[in-house]
Amino acid sequence: MKIAIIMDPKDNVATLLSDVEKDEMVQARLGETSTEERIQELIRFGHKFALSRIHKGANVVKYGEIIGRTTQDIDKGHHVHVHNVESLRGRGDKR
Amino acid sequence: MKITGYVRPDGSVGYRNHIAILPSVSCANDVALRMGRMYPNVLVLAHRQGCGQLGNDKDQAARTLVGLGKNPNIAGVLVVGMGCESITAQYLADEISKTKKMVKTLVVLDKGGLTAALPKGAKALDLMLRQASQTKRIPFDLKRLTLGIKCGLTDTTSGITSNPATGIAADMVIESGGTVIFGETPEIIGAEHILAKRAASRDVKERLYRAVNDCEERVKASGMDIRGANPAPGNIAGGITTIEEKSLGAIKKGGRKPLQGVLSYGEIPKRKGLFFMDGPGRTPEALTGLSATGAQIIIFSTGGGSPAGTLISPVIKVTGNPHTAQQLGGHIDVDISSILRGEETVEKAGGRIFKELLNVASGKATKAETFGYGMISIWNIGPHM
């Protein structure tokens, strides 16, 4: 089974270590433990998917820290990236 | 643990034995390049600053040029000025001479102009090259090593593998009594609170927060979203979503030791240990700044396989991305993609990076060195008049 890495128990995203097709199952590892997750769309190597449903405006957490905020609801197993997450820092466009 | 190097008159140690031509101003680049064609074994440190600059920007350019000349990998410097610039050849030569290394000056507007300057410069280079060639490598411990650390062409493998493994090597250098400098202020935005916990004093903590705040204010003043500039398109293609995510991975390259200070761009640290240099993430400027702080060797952690190098300090490139290791192996010195394949721990991979650092310090050429890849580019923070 293909592998994904969870960096911290607080994370709501995991990083894929292979290209993964829609409906493929992956093993999401957190240290010595792991869970099996179904991927809901084609997602590339190194990209992230949601470990649970993340509502619009909620924090995205990786490394146990906030890496941004969702701009729409993201369902479990879906791609989490620039199309549905925004940065909270360095936003001159929001001034 | 011993590495071999060239002792300099001030007691510092070089791990390369270069003679360099340093223009004080961009107008003198042509002379430096011509002299470099006459003497192809000499480093030509051509750059685009040195005149028509104001205040902090001028001071930063001068500090960086002095730091480049002082780097212990350089045995002797020919400083080339025009004679009309604001950062003069004489000023740079006087500052660099405090290391007691060989320093000569050449001023184009002196009597006779270009046709007189070229043979005069040739004579100086010839003399310094012969002198430097007689210096022998001798063994040293790591106390006089300054390691620079940079990450570039970052993807999500950087924060998981190559940055934490590089951090292990950084910790080993500090445990051996050496100095480590990492930087890239935009790339600690969103992770500064973690780094600040390791600040050795309240003053260091405040300086770190101030550097990040000033950097973020410059972004805000531009009216732009930082995304697209940092993370850059290559980072986003590699899975990095926000600057916060990039930063949380990036700070791992500095290891886990206490942070002894925050340096200005190109500033030489006065003590040993771990330092943060306040400067940009863009590769040529970041590498040039690290060389100016006195870093003799640089480790460059890359996800996407940057060919980056710089002229003065050998750059060791490390990747944890299996595709990069396979497809761009010619750019990579240490392949640690074994971590993602589950074949090696981050700690063991860090040990291999440290071992390669010792080899490179003692003379082994890096991939960027064999290519001769790299340039000098000084971070410019003000208008040119």
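Summary table below
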quantity: Whichever residue in segment B:194-204 is hydrophobic (A, V, I, L, M, F, W, C) and away from chain A (no Cβ under 14 Å) and, among such residues, is surrounded by the fewest Cβ atoms within 10 Å (Cβ to Cβ); calculated: B:A200
quantity: Index of the failed condition, A:R89 passing every other in (1) assigned to a loop (DSSP other than H, G, I, E, B); (2) within 9 Å of the chain's Cα centre (by Cα); calculated: (2)
quantity: Helices (runs of 4 or more DSSP H) completely within segment B:1-102 that count 1 or more residues being of a type in the set (S, T, Y), closer than 30 Å to B:F140 by Cα and in the same structural domain as B:G363 (by TED's automatic domain parsing); calculated: none
quantity: Any chance B:G239 is in contact with a helix residue (DSSP H, G or I) (Cβ under 6 Å, 6 or more places away or on another chain), assigned to a loop (DSSP other than H, G, I, E, B), more than 11 Å from chain A (Cβ to nearest Cβ) and of a type outside the set (S, T, N, Q); calculated: no
quantity: Failed item in (1) out of contact with any Lys or Arg (no Cβ under 9 Å at 6 or more places or on another chain); (2) aliphatic (A, V, I, L, M); (3) surrounded by 18 or more Cβ atoms within 10 Å (Cβ to Cβ), with A:M1 passing the rest; calculated: (3)
quantity: Count of segment A:67-86 residues which are part of a loop (DSSP other than H, G, I, E, B) and within 12 Å of chain B (Cβ to nearest Cβ); calculated: 5
quantity: Criterion violated by B:E95 - all others in (1) in contact with a helix residue (DSSP H, G or I) (Cβ under 9 Å, 6 or more places away or on another chain); (2) within 27 Å of B:G279 (Cβ to Cβ); (3) buried (at least 19 other Cβ atoms within 10 Å of the Cβ) satisfied; calculated: (3)
quantity: Enumeration of residues in segment B:186-230 that are modelled with pLDDT under 95 and part of a loop (DSSP other than H, G, I, E, B); calculated: B:G223, B:M224, B:I226, B:R227, B:G228, B:A229, B:N230
quantity: Subset of segment B:317-333 [more than 19 Å from A:L17 (Cα to Cα) and part of a loop (DSSP other than H, G, I, E, B)]; calculated: B:I332, B:D333
quantity: Looking only at segment B:205-227, and only at residues there that are surrounded by 20 or more Cβ atoms within 10 Å (Cβ to Cβ) and of a type in the set (A, V, I, L, M, F, W, C), the one that is nearest to B:K257 (Cα to Cα); calculated: B:L208
quantity: Segment B:312-328, residues that are touching a strand residue (DSSP E or B) at 6+ places or on another chain (Cβ under 6 Å) and surrounded by fewer than 24 Cβ atoms within 10 Å (Cβ to Cβ); calculated: B:A325
quantity: Every residue from segment A:50-66 that is away from every other protein chain (no Cβ under 11 Å) and assigned to a strand (DSSP E or B); calculated: A:A50, A:I54
quantity: Any hit, segment A:17-39, residues being at the interface with another protein chain (Cβ under 10 Å from one of its Cβ atoms), crowded, with 19+ Cβ neighbours inside 10 Å and either modelled with pLDDT of 95 or more or under 30 Å from B:V219 (Cα atoms) (or both); calculated: yes
quantity: Test: B:G289 is touching a helix residue (DSSP H, G or I) at 6+ places or on another chain (Cβ under 9 Å) and within 19 Å of B:G167 (Cα to Cα); calculated: no
quantity: Selection within segment B:288-310 - over 16 Å from B:K367 (Cα atoms) and aliphatic (A, V, I, L, M); calculated: B:L290, B:A292, B:A295
quantity: Selected residue [in contact with a helix residue (DSSP H, G or I) (Cβ under 7 Å, 6 or more places away or on another chain), under 13 Å from B:S158 (Cα atoms) and outside any strand (DSSP E or B)] from B:I353, B:I339; calculated: B:I339
quantity: Residue identified as within 25 Å of B:A250 (Cα to Cα) and among the acidic types (D, E) among A:D23, A:D19, A:D73; calculated: A:D19
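Let's see how each residue does on (1) more than 8 Å from chain A (Cβ to nearest Cβ); (2) touching a residue at least 12 places away in the same chain (Cβ under 8 Å):
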{"residue": "B:V219", "(1), (2)": "no, yes"}
{"residue": "B:I226", "(1), (2)": "no, yes"}
{"residue": "B:N235", "(1), (2)": "yes, yes"}
{"residue": "B:E245", "(1), (2)": "no, yes"}
{"residue": "B:I251", "(1), (2)": "yes, yes"}
{"residue": "B:K257", "(1), (2)": "yes, yes"}
{"residue": "B:G261", "(1), (2)": "yes, yes"}
{"residue": "B:K270", "(1), (2)": "yes, no"}
{"residue": "B:L274", "(1), (2)": "yes, yes"}
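The values are calculated or read from the model by the stated rules, or taken from the named source; none is laboratory data. The structure presented is a predicted model; accordingly, all values stated were derived computationally and were not measured. A quick note on method: Cβ atoms are made from the backbone with ideal geometry, for glycine too, and the neighbour counts reach across all protein chains shown.
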